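Taking it in order: structure first as structure tokens, then the write-up.
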Amino acid sequence: ANRPTEATLGALAALPERVGHPVYWAGARPDTAYELTHTSSGLVYVRYLPKGTPIGDRRPTFLTVGSYPSTRTFAQEEAHARRSGAAIRSLGPGRILIRPKGQPTSAYLLVRDQNMQVEVFTPVAGQAGRLIASGKVAPLR
């Protein structure tokens, strides 16, 4: 896996073209450094670090948005989530929110026709799902 690096807003905007698939984030935030990790398998993580937090900080206490290319279709991902007992909510045509059972700090967004899984992690239980439902988790453009 690549080591995490600090990314400017410009570098983030160029990411989807560079990696060849959509990359999601939770929007620009004041007083925040953006940490980017792009693994050799194509996973992309954007972590939001409070200013002054070192890049690569190991504490699992920061908002993180992961974009994961998937080999499964939207329908297969949705069926898998249902079988696992996750709570599933429609967010409009072709978009669903998945709240995994027993993982209150993570939630997933599935978007039809993208073969992508988007994971949002926050240290506060329930917050990841609210962030996705709010529409703030969106592809970088």
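The values are calculated or read from the model by the stated rules, or taken from the named source; none is laboratory data. All figures in this text were calculated on a predicted structure; none of them were measured in a lab. When we count neighbours, we look across all protein chains shown, and the Cβ atoms used for this are built from the backbone with ideal geometry, even at glycine. Quick note on the areas: whole protein, heavy atoms, side chains included, nothing else; ligands and nucleic acids left out. Shrake-Rupley method; radii C 1.70, N 1.55, O 1.52, S 1.80 Å.
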Among the residues listed as T64, T39, T53, T32, the single one being open to solvent by less than 30 Å² (accessible area, probe 1.4 Å) and farther than 27 Å from Q114 by Cβ: T53
The lone exception for E77 - which of (1) acidic (D, E); (2) farther than 17 Å from E6 by Cβ; (3) open to solvent by 30 Å² or more (accessible area, probe 1.4 Å); (4) in contact with a strand residue (DSSP E or B) (Cβ under 7 Å, 6 or more places away or on another chain) it fails: (3)
P60 vs. criteria assigned to a loop (DSSP other than H, G, I, E, B) and more than 30 Å from A7 (Cα to Cα): no
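So that you can scan it fast, the table gives a plain yes or no per residue for (1) of a type in the set (D, E); (2) within 20 Å of P16 (Cα to Cα); (3) outside any strand (DSSP E or B):
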site: S41; (1), (2), (3): no, yes, yes
site: Y48; (1), (2), (3): no, yes, no
site: T53; (1), (2), (3): no, no, yes
site: Q76; (1), (2), (3): no, no, yes
Matching residues, region 88-109, being part of a strand (DSSP E or B), of a type in the set (S, T, N, Q) and over 14 Å from the mean Cα position of the chain (by Cα): S90
Lone unmet requirement of (1) in contact with a Lys or Arg (Cβ under 8 Å, 6 or more places away or on another chain); (2) surrounded by 15 or more Cβ atoms within 10 Å (Cβ to Cβ) for P69: (1)
Residues of region 1-27 that turn out to be open to solvent by less than 70 Å² (accessible area, probe 1.4 Å) and either in a helix (DSSP H, G or I) or without any contact (Cβ under 8 Å) to a residue 24 or more places away in the chain (or both), as a count: 9
Within region 95-120, considering residues that are under 15 Å from S70 (Cβ atoms) and open to solvent by less than 20 Å² (accessible area, probe 1.4 Å), the one modelled with the lowest pLDDT: M116
